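A.B. asks: Below is the structure I would like to discuss, written out as structure tokens.
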Amino acid sequence: MNRTLALVSALGAGLMTTAGISQTPAAPAPAPAGPAAPAAVEPQAIPAKIALVAFEQAVFATNEGQRAVQSIQDKYKPKKDQIDVLSKEVDSLKAQLQSAPATLSDEERASRLRNIDVKEKELNRNAEDAQTAYNADLQEAYGKVATKVSVTLKDYVGKNGYTLLLDVSGQQSNVMWAVPSTDVTQAVVTAYNASSGVAAPIPSGPSAAPTTARPRPTTPKPAAPKQ
């Protein structure tokens with residue numbers, strides 16, 4: 001927890017002389033009035049009650065988060081199907097070339113290689129474009145839901161008397177082990193679902209993302225709520 005202690009000091013000294021009349025120093029001019037320094041907050045030891053939360057996972061685990069992801073996957077399913085068809089075509093062309101007879105002319109072999117190269121570049125370009133667009137939509141959806149979930153999280157830890165909240169979403173989390181009961185992720189998901197009124201999504205088929213692995217959003221997560 002960051003606290004800023006502002007220390008304001010004023011040092012004024014001035015000597016005024018009256019030219020040709022007196023060399024006697026005048027009284028120091030009063031320092032200009034400034035804002036009052038804030039009262040210092042005395043540190044104190046309090047009983048610690050620590051909570052852990054996998055914030056990113058919590059956002060996507062909410063009914064609203066799941067529905068957002070499902071909607072994005074449905075949006076990109078036609079594009080994914082096109083990419084799958086093109087991928088199979090490239091694989092088929094490569095297999096045909098590998099099984100071609102030894103009598104195949106150099107000219108024909110070169111022509112097939114050029115065709116494969118064109119198709120493969122088209123496949124990679126389409127996949128990259130689709131993945132970029134998919135990630136952007138996913139990040140936008142994450143940001144919208146995360147902003148609301150962070151409010152529920154702050155309310156939950158406040159009402160339950162936690163003095164410290166640690167986000168363990170990242171792979172580089174410094175938390176190596178903790179008592180399972182300190183993990184409030186599911187409790188926050190449940191609380192958010194109850195307050196949002198969003199029903200759980202209807203289970204659908206396999207992920208329709210352009211790639212097999214769902215990308216992790218890179219949108220910055222809201223800061224962990226402060227006590």
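A.B. asks: Find the Cα radius of gyration of region 96-206, compare it with 2.2 N^0.38 Å by division, and give the number to two decimals.
C.D. replies: It is 1.96.
A.B. asks: How much accessible surface does Ser150 have with a 1.4 Å probe, in Å² rounded to 10?
C.D. replies: The accessible area comes out at roughly 20 Å².
A.B. asks: What's the whole-number percent of alpha carbon pairs in region 32-152 lying beyond 17 angstrom?
C.D. replies: Roughly 73 percent, rounded to a whole number.
A.B. asks: Now for a separate question. Taking H placed 1.01 Å from N in the peptide plane, check which residues at least 5 places from Ser169 or on another chain put their amide H under 5 Å from its amide H.
C.D. replies: For Ser169, whose amide H was placed from the backbone, the distant partners under 5 Å are Phe55, Glu56.
A.B. asks: Still on this model: Regarding region 48-106, what whole-number volume in Å³ per residue does the convex hull of its Cα atoms give?
C.D. replies: Each residue corresponds to 145 Å³ of Cα convex hull volume.
The values are calculated or read from the model by the stated rules, or taken from the named source; none is laboratory data. The structure presented is a predicted model; accordingly, all values stated were derived computationally and were not measured. For the accessible areas, the whole protein counts, side chains as well, though only heavy atoms, and no ligand, DNA or RNA atoms are used. Shrake-Rupley method; radii C 1.70, N 1.55, O 1.52, S 1.80 Å.
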